[in-house]
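Scroll down for the structure; my scribbles are underneath it.
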Amino acid sequence: MAGWPESLEAMLDRVTAEFGITHVTRPQLLRSARQTGFVWTRQPGVVCLAANRHYLSLARSNPDVVAIITSDEVASRDPNAGASCLIACERPEELYLHLHLRQHPAADTRQPQVDASASVDGSAVLRGDVKIDAGAWIGPRVVISGPATVGCGVHVEAGAIIGCDGLYAKDVSGKRCHIPHYGGVIIGDDAFVHAGAVIVRSAIAGEATSIGSETHVGVMANVGHDVWVGARTTISSNVVIAGRARIGTDVWIGASATVSNAVSIGDRAKIRIGSVVVRDVPTDADVSSGNFALDHAKAMRTFTREASREKR
């Protein structure tokens with residue numbers, strides 16, 4: 001990752017009025033900023049967004065975070081504001097995305113590396129820093145964009161796409177923007193990626209969407225950016241797993257299920273066909289199938305009441 005074409009201090013000075021930057025504590029730390037990331041990103045010199053006090057605490061506990069973008073409200077309620085480089089502003093998410101958009105990735109001049117024992121169909125496309133390990137099989141019309149590592153014995157069926165950008169659309173300065181993905185994909189040994197499946201690369205440079213060993217990704221399944229999937233998990237056909245979800249080992253996810261953004265699913269859990277998962281699922285749980293077409297307002301009231309009871 002090449003980072004920004006100019007110093008972060010200069011960039012912030014230029015957009016102070018646009019994003020309503022009110023103050024920056026310990027500005028000297030901005031000199032060590034190298035890239036954007038999430039509060040848990042483990043890359044040196046991260047600038048991250050902390051939308052609330054919980055995420056602010058996570059950011060502070062991450063030694064790789066050098067600057068935190070947050071709101072005036074969160075900053076004003078924080079007793080440790082002087083402990084980190086804190087960038088307080090009126091529009092923190094937009095400022096973070098503005099900085100993310102202006103990173104200049106280094107040109108990828110690396111060529112794919114394919115083990116002699118691997119098989120790659122002549123119609124497959126391998127772009128950039130792609131590593132195909134021993135015994136892997138890459139089928140027709142597969143597209144793999146680096147950085148990507150495909151482990152030993154992995155089988156990738158026709159038309160699968162590995163390492164593309166995912167849907168990440170946000171409003172920045174009044175314009176609807178696509179937020180680029182700078183990271184990669186890692187697929188563990190003996191995994192099986194079925195026809196038409198899509199595995200999106202990480203949004204963050206140096207990080208990877210990760211598929212565990214012996215995991216199966218079904219026909220036309222969609223695995224979002226920064227998802228982590230454990231070993232021996234089955235992701236059935238047409239499943240959608242949104243960004244930053246965490247899926248344990250030996251999990252079974254039924255056809256056409258949807259797993260919401262940042263949800264965690266424990267080891268050996270079963271997510272039945274058609275389920276819409278919007279909150280964490282514990283280890284060994286069995287989530288009932290179905291997403292019946294009910295009155296939305298009534299269903300949301302019921303869900304909210306049940307969620308409130310669980311927190312008491």
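The values are calculated or read from the model by the stated rules, or taken from the named source; none is laboratory data. Predicted model, so just to flag it, every value in this text is computed and none were measured. Neighbour counts are summed over all protein chains in view; Cβ atoms, including those assigned to glycine, are modelled from backbone coordinates with ideal geometry. Heads up: the accessible areas ignore ligands, DNA and RNA and are worked out on the full protein's heavy atoms, side chains in. Shrake-Rupley method; radii C 1.70, N 1.55, O 1.52, S 1.80 Å.
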Original post:
Among all the aspartates and glutamates, which ones have a C-alpha under 13 Å from residue 170's C-alpha, if same-chain residues fewer than 8 places away are not counted?
Top reply: 93, 94
**OP:** Identify which of 111, 43, 28 has the largest mean-square fluctuation in a Gaussian network model of the chain, with springs joining Cα atoms closer than 10 Å.
**Re:** 28
**OP:** Taking the chain as the reference, fit the longest principal axis to its C-alpha atoms, fit the long axis of helix 296-311 to the helix C-alpha atoms, and give the angle between the two in degrees, 0 to 90, nearest 10.
**Re:** 70 degrees
Original post:
Taking the Cβ-Cβ separation of residue 302 and residue 26 as r and a Förster radius of 35 Å, what is the calculated FRET efficiency to the nearest 0.05?
Top reply: 0.15
Subject >> Rounded FRET efficiency, nearest 0.05, which uses the C-beta distance separating residue 165 from residue 110 and R0 of 22 Å >> reply: 0.70
Subject >> Listed residues 279, 301, 246, most fluctuating in the chain (Gaussian network, C-alpha, under 10 Å) >> reply: 301
Original post:
What share of the DSSP beta bridges in the range 44-188 is antiparallel, in percent to the nearest 5?
Top reply: 15 percent
Subject >> Positive-end residue of 161, 40, 19, charge dipole of the chain with Cβ unit charges >> reply: 19
Subject >> Proximal aspartates and glutamates relative to residue 298, as straight alpha-carbon distance under 14 Å, when same-chain residues fewer than 8 apart are discounted >> reply: 306
Original post:
How far apart, in nm, are the 7 Å Cα→Cβ label points at residue 52 and residue 276?
Top reply: 2.1 nm
Subject >> Prolate/oblate/rounded call for the range 1-91, Cα gyration tensor, a/c under 1.5 rounded >> reply: oblate
**OP:** State the percentage of accessible surface on the chain attributable to carbon and sulfur atoms; use a 1.4 Å probe and exclude ligands, DNA and RNA.
**Re:** 51 percent
Subject >> Between the range 136-215 and the range 57-104, the Cα center-to-center distance that results, in Å >> reply: 29 Å
